[in-house]
Amino acid sequence: MTVAVETGLWELDRTASTVAVRHRTMWGLVTVKGTFTAVTGQGEVKPDGTAVGTVTLDAATLDTGNAKRDTHLRSADFFDTDHHPEILFAVRGAERRDGGTVHVTGQLTVRGIARPLSFTARVTGADPGAVTLDAEFTVDREQFGMGWNQMGMMRGPATVAATLRFVRATA
């Protein structure tokens, strides 16, 4: 796919975008899956073809399908949403590569702790008015102050999967 993405401002299409997380628990026997139901974002494609922007998640909207677990995930053991209501990924650079991929570099902030993050996204759709990216990457939750691990039940990184559709911003 070699459709050029026009320069200018773009905004996240909330209805066509998803950010989900999965993590193995219970000593690797169970995979907990959840989706953030409130995701916003915007970006700018610069004249040289690179892009910058932000994607923001409302941390309290993580839905795993289990109300008791979701309440625990909002607590100070995990996301501490009372003090840190947003998860922010600030895109410092996104560069188109061969084969319909985009190399993304930026800074992920969770619980007020910022860490560099880079990954490769795939362009899964592009036309003059919209571009869709799919990405999957891992995050070590302990790097963001989420070390809760009762009886060693939670090990390893969490996997984040995102489908983000950006549309041309209206003036």
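The values are calculated or read from the model by the stated rules, or taken from the named source; none is laboratory data. What you see is a predicted model, and the numbers here were worked out from it, not measured in a lab. Using ideal geometry, Cβ is built from the backbone for each residue, glycine included, and neighbour counts are taken over all protein chains shown.
Given the structure, is Thr64 polar (S, T, N, Q) and touching a Ser or Thr at 6+ places or on another chain (Cβ under 6 Å)? Against the criterion (polar (S, T, N, Q) and touching a Ser or Thr at 6+ places or on another chain (Cβ under 6 Å)), Thr64 does not qualify. Considering Gly49, Gly93, Gly43, the condition of being out of contact with any helix residue (DSSP H, G or I) (no Cβ under 9 Å at 6 or more places or on another chain), within 23 Å of Gly8 (Cβ to Cβ) and assigned to a loop (DSSP other than H, G, I, E, B) is satisfied by Gly49 alone. Annotation: Asp70 fulfils all but one of (1) assigned to a strand (DSSP E or B); (2) modelled with pLDDT under 95; (3) acidic (Asp, Glu); the unmet one is (1).
Of all the listed residues (Leu73, Leu62), the sole one being out of contact with any Asp or Glu (no Cβ under 6 Å at 6 or more places or on another chain), under 25 Å from Ala121 (Cα atoms) and not small (Gly, Ala, Ser) is Leu62.
Listed here are the residues, each with its yes/no results for (1) buried (at least 18 other Cβ atoms within 10 Å of the Cβ); (2) over 13 Å from the mean Cα position of the chain (by Cα).
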{"site": "Leu9", "(1), (2)": "no, yes"}
{"site": "Ser17", "(1), (2)": "yes, no"}
{"site": "His23", "(1), (2)": "yes, yes"}
{"site": "Val39", "(1), (2)": "yes, no"}
{"site": "Asn66", "(1), (2)": "no, yes"}
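For Asp82, the requirement of being out of contact with any Phe, Trp or Tyr (no Cβ under 7 Å at 6 or more places or on another chain) and not hydroxyl-bearing (Ser, Thr, Tyr) is met.
Looking at Glu95, Glu44, just one residue is in contact (Cβ under 8 Å) with a residue 40 or more places away in the chain and farther than 22 Å from His23 by Cβ, and that residue is Glu95.
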